[in-house]
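Every read-out reported here was derived from the displayed coordinates using simple, explicitly stated rules and does not represent laboratory data. Predicted, not measured: the structure shown is a model, and the values here were computed from it. We place every Cβ from the backbone using ideal geometry, glycine too, and count neighbours over all the protein chains shown.
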Amino acid sequence: MKKLALVLGGGLAAVVLVWALIMGLPTAAFFLRVTLESLMPSTIGWNAKNDWAKCEGAIAGTVDWPPSPVAACAAMHLCANEATLSTEEAVSLLAGNPPPARLW
């Protein structure tokens, strides 16, 4: 019981410390957001400055392309030009395999 209370108290203290850093230092909040987005690219919007990070998931089919055909075409163009793609991803993108059917 004592270990559980110690672990819960430590977890609560860590949460309070992170919250205090975020509220006190906007720079800390920025780095926390960038870190979370790099760990979870699905949280990034297709209109963000780092939207190229979504390309790998979009080509693999784990992340959705933008819903409108114009935005999806722009996202594919972005992926072809700005993302660092493997050879297989580049071939798949150029072959038109991952694009949604509504584009064609």
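Can you pull a Stokes-Einstein diffusion coefficient for region 45-104 at 10 °C (1.306 mPa s), Rh from Kirkwood over Cα pairs, as a whole number of µm²/s? Don't jump to the answer; show the numbers that get you there.
On the way: Rh = 11.3 Å.
This corresponds to a translational diffusion coefficient of 141 µm²/s.
A simple packing score, the average count of other Cβ atoms within 10 Å per residue, orders the peptides 6-12, 74-80, 26-32 as 74-80, 26-32, 6-12, with the highest score first.
Sort Cys73, Cys55 so the one with the fewest other Cβ atoms within 10 Å of its own Cβ comes first.
Values: Cys73 14, Cys55 23.
Exposure proxy ranking, most exposed first: Cys73, Cys55.
Can you put Ile44, Ile59 in order, fewest other beta carbons within 10 Å first?
Details: Ile44 19, Ile59 23.
By the 10 Å Cβ count, ascending: Ile44, Ile59.
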